[in-house]
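Working notes, structure below.
The values are calculated or read from the model by the stated rules, or taken from the named source; none is laboratory data. Keep in mind that what you see is a predicted model, and the values were worked out from it rather than measured. Quick reminder, even Gly has a Cβ in these numbers, built from the backbone with ideal geometry, and neighbours come from all protein chains shown. Please note that ligands, DNA and RNA were not included when accessible areas were found on the heavy atoms of the full protein model with its side chains. Shrake-Rupley method; radii C 1.70, N 1.55, O 1.52, S 1.80 Å.
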Amino acid sequence: MSDMAPPNFLFIIGTAKAGTSALANWLGARDDMVLGKIKEPRTHSNMDQTIWDGPAAAEFRQTILTDARSYAQNFAHKPEAAWAIDASTDYLWCPASPGMLADFARTRRCKFICLTRDPVARTISQYRHTLRLGTAETLKQALDREAARIKMHWQPLYWHIRRSHIERNIQTYADLFGDDLLILDYDDLQDPNTVLARVAGFLEVPVQPLRGQSQYNTTLLPRNRLVAALYKNAGMRDTLRNLVPAPLRSRLRALGHTTRPVQVSEKEKHLVLTVLKDEIAACITNPLIPTQNWRSAQALDASTATDNHGLLKKWRKNALGS
């Protein structure tokens, strides 16, 4: 690793759509920390070995930094920083990443944060993100197509269910890195200063309150098919980026999009809960994972209680004849 890189690295390893952008930007605003120009360089993975396909695959491939010099330069814009922040959320699920990060941790002081989120809410949030790219499909259609898309190497933004499986991955990181891993939940970010104080203690750096709050990764949806088609065209986006000043681009983006979330039916939510029920149950039983605020965990507990009550009634009827 080049001497240009800071001596300490904080890896925000996941999970996607759990507030990682907000936390990374809050920390990156500190004088002693630098967030990479590419927030998710995915350097400590083997993702560069896959020819990724699907919407925005070209942009996805371009953000993967494969060599040590490029990786160091990603953090060189703030040379006074003592901590570099790599917020590559694909590290959590990529099978090669734990071992590669363990090797890297032998050369630098490394700390790890994993943000968790209710898997049902996380899945829905990621699905809504894909709609920004002009993908026109229901959540059920997206789930039905996921297995085929994974085989065709669609980029991981379309891996809704796969990315919601986190329990084994978190356990792997906990086994490898022990006290150097901090696990937080999406709901913790509702109180930024409390969570930032906790992170500061974890990193052994001074506590710095947040200077104003910003929302990151807000889902902007095209207002009509024409806007969707233009936004989906990578060449057109590059042309506009080169020709139109940034303030005007922001204005045009706001005019052409809406932040109103696409509604997901209760039937689709139940489908996601059904598909992920074993994963949610595993998370509940793992003391490392804070599931107390997950609605899906509460729903699963209620469902299990209902099923057990039904089984008890059936047993009594069979056993007692009443």
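Okay, here's what the table says:
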{"quantity": "Those GluC sites (Glu not before Pro) in segment 126-175 that DSSP places in a loop and that have at most 15 other beta carbons within 10 Å", "calculated": "GLU137"}
{"quantity": "14 Å beta-carbon shell around GLU266, net charge (K/R +1, D/E -1)", "calculated": "+3"}
{"quantity": "Accessible area per residue, Å², segment 106-175 with all protein chains present, probe 1.4 Å", "calculated": "39"}
{"quantity": "Simple label model, 7 Å out from Cα along Cβ direction - ALA82 to ASN193, nm", "calculated": "2.3"}
{"quantity": "Packing-based order for 288-295, 118-125, using average beta carbon neighbours within 10 Å, highest first", "calculated": "118-125, 288-295"}
{"quantity": "Summed side-chain charge close to THR43 - residues other than THR43 whose Cβ falls under 10 Å, Lys, Arg +1, Asp, Glu -1", "calculated": "-3"}
{"quantity": "Under 13 Å, Cβ to Cβ, from LYS140 - net charge with Lys/Arg +1 and Asp/Glu -1", "calculated": "-2"}
{"quantity": "Peptide ranges 153-162, 59-68 listed from the most packed, as the mean C-beta count within 10 angstrom indicates", "calculated": "153-162, 59-68"}
{"quantity": "Distance from segment 140-170 to segment 62-117 (C-alpha centre basis), Å", "calculated": "23"}
{"quantity": "Rough spin-label spacing in nm, given labels placed 7 Å along Cα→Cβ, for GLU266 and THR50", "calculated": "3.6"}
